[in-house]
Every structure is written in C-alpha cells, then in structure tokens.
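Notes follow once the structure below has been shown.
The values are calculated or read from the model by the stated rules, or taken from the named source; none is laboratory data. Nothing here was measured: the structure is a model prediction, and the numbers come from that model. Positions of Cβ are backbone-derived with ideal geometry, glycine not excepted, and every protein chain shown enters the neighbour counts. SASA here: full protein model, heavy atoms, side chains in, ligands and nucleic acids out. Shrake-Rupley method; radii C 1.70, N 1.55, O 1.52, S 1.80 Å.
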Amino acid sequence: MLDYTDKIVVITGAAGGLGRTFAQAFAGGGAQVVACDKNKAGADETAQLVGGLGLEVDVTDAASVERMTRQIIDTYGRIDVLINNAAIYATINRKPFYELTDAEWDLVMNVNLKGVWQCTKAVVKPMIERFKNEGVGGKIINISSATVMSGSPNWSHYVSSKGGVIGLTRSMAKELGGFNINVNAIAPGFTLTEASLNLMENAGQYGVDRGAIKRPSTAEDIAGTALYLASPLSDFVTGQTVIVDGGKQFI
C-alpha cells in the first residue's frame with residue numbers, strides 16, 4: 001500500500017529541508033521524483049540524490065509554473081502526486097503586525113499562499129483529465145503549519161498565509177473530489193531542519209516540554225504523514241489538516 005513505483009511525485013521547495021526529505025522518502029518507495037525550486041542548483045542536487053528530475057520554478061510566477069508543468073508532462077506524460085511545500089520561513093522579518101510593510105506582507109502571501117494556488121491550478125489540469133474516468137486517484141498535499149492553531153506573536157503574515165493554505169485545501173477538496181483527486185494539508189510543528197536550526201539557540205529543545213511526545217520533530221516525521229496521504233490508504237480522506245507536532249496541540 002505504500003509502494004510508489006512508477007508514481008510521478010512533484011515537490012516544490014525541494015532544494016533542501018522538508019522538501020528534500022520528502023523527495024528521499026518517496027524515492028525510497030519507488031517514486032519518480034520531480035524536485036522543483038527557485039534555487040535550481042539545490043533542486044538539481046536533490047534530484048541527483050534521488051535519481052529524479054530537477055526543475056527551476058518561481059511559484060509566484062504563472063508563466064514559470066506553467067513551464068514547470070509542461071516540462072513534467074512532456075517528460076513523464078502524467079502527474080500522480082503534488083506536494084506544495086515551497087514557502088518563506090526562516091528569512092521572514094518578525095515584528096508586530098502593525099509594523100509590517102506592504103512589501104513584507106505581500107511577499108509572504110505570494111509565496112506561501114498564492115504559490116499553492118498557482119501550482120495546483122496548473123498541475124491539476126492534466127490530473128483531472130487523467131483521473132476523472134479512472135478508479136485510482138491523484139493526491140495533492142499542501143504544507144501548512146501548526147502555528148495556525150495557536151497563533152504566533154510577531155509572525156502574523158506567516159501564520160495568516162498558512163491559515164489560508166488550510167482554507168484553500170478545504171475548497172480544493174470539495175472541487176476536486178468528483179475527479180478522484182484528494183487534497184489534504186499537513187501542519188508541522190517546529191521541526192528540526194537547517195532553516196529551523198538557524199532560527200535560535202538550543203532549537204533541539206524548543207517546545208519539547210509542551211509535547212505529549214518528549215522529543216523534537218524531525219523532517220522524517222513529517223515525511224511519514226505525506227507518504228500516508230499520498231497512498232491508497234488515504235483514499236477516503238480529503239479536505240483534512242493533519243497536525244504533526246508530537247502532541248503539542250489537539251483538534
């Protein structure tokens with residue numbers, strides 16, 4: 001049930017961090033991975049690690065996203081799974097919402113929310129044509145954040161963008177269910193990636209005492225949920241948000 005042999009899995013934000021871990025996890029299950037990122041060198045490095053294809057894409061630019069989609073379809077003829085992982089995170093300026101500039105707000109929204117809409121809009125067109133008359137289905141996984149459930153001071157643009165991802169996931173699930181396409185979201189808690197480790201000292205202990213599971217989250221923890229949501233085991237699961245934070249929050 002977790003065999004991804006011959007599945008075409010497209011991952012945005014795949015130059016490192018969670019995206020690279022997703023790529024390694026799916027490739028380990030036999031998938032053909034397409035690693036997409038604005039950082040072409042990083043995307044190529046991930047692709048080389050997993051024996052896949054690396055593509056450059058700016059998720060905020062419609063022409064770039066359409067070009068990415070055409071390249072995938074021209075190469076493989078289809079798309080089975082899309083993971084919308086690209087986001088701005090560690091480089092965000094943290095400040096009170098009333099001190100944010102229009103440019104700071106718009107940049108985060110364009111990448112973290114508009115990028116999800118833009119990539120899904122492009123990729124889902126060939127997915128619909130393929131899956132609307134087939135018994136098997138396509139899978140779309142959007143990466144949100146557990147900060148949406150609790151709020152996070154001085155980070156309102158990030159929290160709002162990730163909250164928007166959850167709302168968008170629900171609407172997409174309703175619209176695409178009739179085409180045999182499932183859409184779900186993962187909301188990770190603070191996870192030990194290169195970006196997170198550079199945010200603060202003692203990152204490995206941040207929030208551990210608040211969790212039911214007394215250890216920090218790793219990228220592999222998040223990848224396990226993605227593997228499930230991309231598999232036939234989740235065929236009757238759509239429009240849902242799965243919090244993966246070791247039990248810090250419950251919904």
Query raised in the report: Is it true that some residue in segment 78-94 is open to solvent by 40 Å² or more (accessible area, probe 1.4 Å) and in a helix (DSSP H, G or I)?
Result: no
Query raised in the report: Of the conditions (1) open to solvent by 30 Å² or more (accessible area, probe 1.4 Å); (2) part of a helix (DSSP H, G or I); (3) free of Cβ contacts under 8 Å to residues at least 24 places away in the same chain, GLY163 fails just one. Which one is it?
Result: (1)
Report task. From the list GLN71, GLN24, GLN48, pick out the single residue that is open to solvent by 20 Å² or more (accessible area, probe 1.4 Å), of a type outside the set (Gly, Ala, Ser) and within 25 Å of PRO188 (Cα to Cα). Result -> GLN24
Report summary line: Flagged in segment 150-160 as open to solvent by 40 Å² or more (accessible area, probe 1.4 Å) and within 21 Å of ASN184 (Cα to Cα), in numbering order, are SER150, SER160
Query raised in the report: Which pairs have Cβ atoms under 9 Å, sit 6 or more apart or on different chains, and link a residue in segment 106-123 that is closer than 22 Å to ARG70 by Cβ and β-branched (Val, Ile, Thr) to one that is part of a helix (DSSP H, G or I) and open to solvent by 30 Å² or more (accessible area, probe 1.4 Å)?
Result: VAL116/LEU168; THR120/LEU168
